[in-house]
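Visitor: Below: one structure in structure tokens.
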Amino acid sequence: MSDSRTGVPAGRPAGIRWPDLPGLTAAAALGAVYLLTMCRDLYWYDSAELAMAALQPGLSHPPGQPLHTLVGYAVSRLFQGHPLLGLNALSAACAALTAVPAMRLVRILRGRTGGDAEWMAAAVLVGLGMTDAVWESATRIEVYSMAGMMAIWQAAHVAEIATGLDADEPPSRTDWFLAGLLPGLAASVHPYVAIFSAIATVLALAGPLLRGRWSSIRASLLSVPGLLLGLAPYAWIPASTLLDGNLAWGEPSTFEAMSFYLRGVDYSQNRAGVPVAMVQAADFVLWLAGKGT
């Protein structure tokens with residue numbers, strides 16, 4: 001079924017065209033606010049540690065944020081003489097750009113494109129982006145903006161795949177590859193955010209896949225190499241220990257030290273390890289389902 005005004009399959013927008021203007025406008029508005037109000041230097045919490053890891057480059061606290069470190073290292077080199085400005089701007093840019101996949105998700109869930117309702121949704125996104133919880137992490141050196149952008153992008157992409165399966169429009173190989181790549185990249189920034197992304201992906205696609213053809217299930221296996229590629233930045237964790245004088249939390253140069261690092265044992269007294277966090281995430285999703293949200 002296609003939208004009568006655009007000819008695009010319902011819920012499946014084709015690239016960045018006119019219907020995407022509300023999302024781009026929301027991103028531009030949020031980007032301007034974030035850039036004008038962001039930190040120009042260091043901030044408290046983890047900002048100083050994450051900045052040091054990105055500038056050297058090094059290895060920050062468990063369970064690792066290697067993609068943020070490597071991208072931050074590249075961005076800091078673009079801001080010669082003002083590397084901290086670049087790292088703060090990276091958070092601002094990621095937070096602002098999250099509006100684009102968020103608007104894509106709104107469009108898919110509505111099942112059509114265009115209309116004044118999209119501009120209203122864009123205004124709501126800008127309002128949400130101005131809330132303290134979002135603004136605070138978007139205007140300092142932190143991993144949440146980048147991880148959130150990846151997670152929302154994944155949610156929009158999975159919603160599009162599910163819509164296509166329900167409409168008997170099999171996703172392409174690239175679609176399935178991206179369905180694995182995006183949560184892998186999110187995990188390379190913040191594993192706990194990626195847990196929710198992975199659970200949402202399974203819940204969204206399990207039904208359409210089981211109702212579909214065997215060929216769709218086989219095609220979905222292409223998400224596995226995408227996931228592995230998305231997790232590739234984790235190779236930086238042992239590699240970082242090869243650099244003399246750089247920050248390397250825990251020196252994970254052996255298998256035992258690597259396991260200790262990835263399990264977050266350092267935080268065992270005040271933060272759950274990955275297995276416990278996965279159980280807690282599953283409990284939270286079941287609680288939400290029971291509430292009917």
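Visitor: What is the local net charge at residue 222, summed over the other residues whose Cβ is closer than 15 Å to its Cβ (Lys, Arg +1; Asp, Glu -1)? Can you show the working numbers first?
Guide: On the way: positive: 173, 218; negative: 175.
Within the 15 Å Cβ shell, the charges total +1.
Visitor: For residue 48 and residue 254, FRET efficiency with R0 = 25 Å and r from the beta-carbon atoms, rounded to 0.05? Kindly include the intermediate steps, with their values, before the conclusion.
Guide: Numbers: r = 28 Å, r/R0 = 1.11.
About 0.35, to the nearest 0.05.
Visitor: Now a separate question. Over all Cα pairs of the range 79-219, how is the pair count split among 10 Å bins, expressed in % and running from 0 up to the last occupied bin?
Guide: All Cα pairs considered, the percentages come to 11, 35, 32, 16, 4, 0.
Visitor: Once the Cβ-Cβ distance between residue 136 and residue 28 is put in as r, and R0 is 25 Å, what FRET efficiency do you end up with, to the nearest 0.05? All intermediate terms of the calculation are to be shown ahead of the outcome.
Guide: On the way: r = 21 Å, r/R0 = 0.83.
Here the calculated transfer efficiency is 0.75.
Visitor: Let me ask you something else. Roughly speaking, to the nearest percent, how much of the range 225-269's 1.4 Å accessible area is carbon and sulfur?
Guide: Values: 1840 of 2800 Å².
With neighbouring chains kept in place, the figure for the range 225-269 is 66 percent.
Visitor: Give the Rg (one decimal place) followed by the Dmax (whole number) of the range 53-105, computed from C-alpha coordinates and expressed in Å.
Guide: So, for the range 53-105, Rg and Dmax equal 12.7, 39 Å respectively.
Visitor: Hey, with R₀ at 45 Å, roughly what FRET efficiency would residue 169 and residue 242 work out to, going by the Cβ-Cβ distance, to 0.05? Walk me through the intermediate numbers first.
Guide: Numbers: r = 48 Å, r/R0 = 1.06.
About 0.40, to the nearest 0.05.
Visitor: Pop a pseudo-label 7 angstrom from the Cα along the beta-carbon direction at both residue 40 and residue 285 and give the gap in nm to one decimal.
Guide: Calculated label separation equals 4.5 nm.
Visitor: Same structure, new question: Quick check: net charge around residue 68, other residues with Cβ under 14 Å of its Cβ, Lys/Arg +1 and Asp/Glu -1? Mind dumping the intermediate values first?
Guide: On the way: positive: 140; negative: 46, 49, 142.
Neighbourhood net charge equals -2.
Visitor: Could you compute the net charge surrounding residue 260? Neighbours are other residues with a C-beta less than 13 Å from the C-beta of residue 260; K and R count +1, D and E count -1. If you can, show how the numbers build up before the last one.
Guide: Details: positive: 263; negative: 251, 256, 266.
Taking every Cβ under 13 Å from that of residue 260, the sum is -2.
Visitor: What is the set of long-range amide H partners of residue 248 at a cut-off below 5 Å, with H atoms built 1.01 Å from backbone N?
Guide: 59
Visitor: Output ³J(HN,Hα) for the range 184-194: one whole-Hz value per residue in order, computed from phi by the Karplus curve 6.51 cos²θ - 1.76 cosθ + 1.60 with θ = phi - 60°, and x for Gly and Pro.
Guide: Calculated HN-Hα couplings, in order: x, 5, 4, 5, 6, 9, 8, x, 5, 5, 5 Hz.
Visitor: State the percentage of accessible surface on the range 46-199 attributable to carbon and sulfur atoms; use a 1.4 Å probe and exclude ligands, DNA and RNA.
Guide: 70
Visitor: Still on this structure: Grab the Cα-Cα distance for residue 119 and residue 70, subtract it from 0.36 nm times how many residues apart they are, and report the gain in nm with one decimal. Provide the component values of the computation, followed by the final result.
Guide: Working: separation 49, 0.36 × 49 = 17.64 nm, distance 3.55 nm.
Gain on stretching residue 119 to residue 70: 14.1 nm.
The values are calculated or read from the model by the stated rules, or taken from the named source; none is laboratory data. Quantities reported herein were computed from a predicted structural model and do not represent experimental measurements. Quick reminder, even Gly has a Cβ in these numbers, built from the backbone with ideal geometry, and neighbours come from all protein chains shown. With ligands, DNA and RNA removed, areas are computed over all heavy atoms of the protein, side chains included. Shrake-Rupley method; radii C 1.70, N 1.55, O 1.52, S 1.80 Å.
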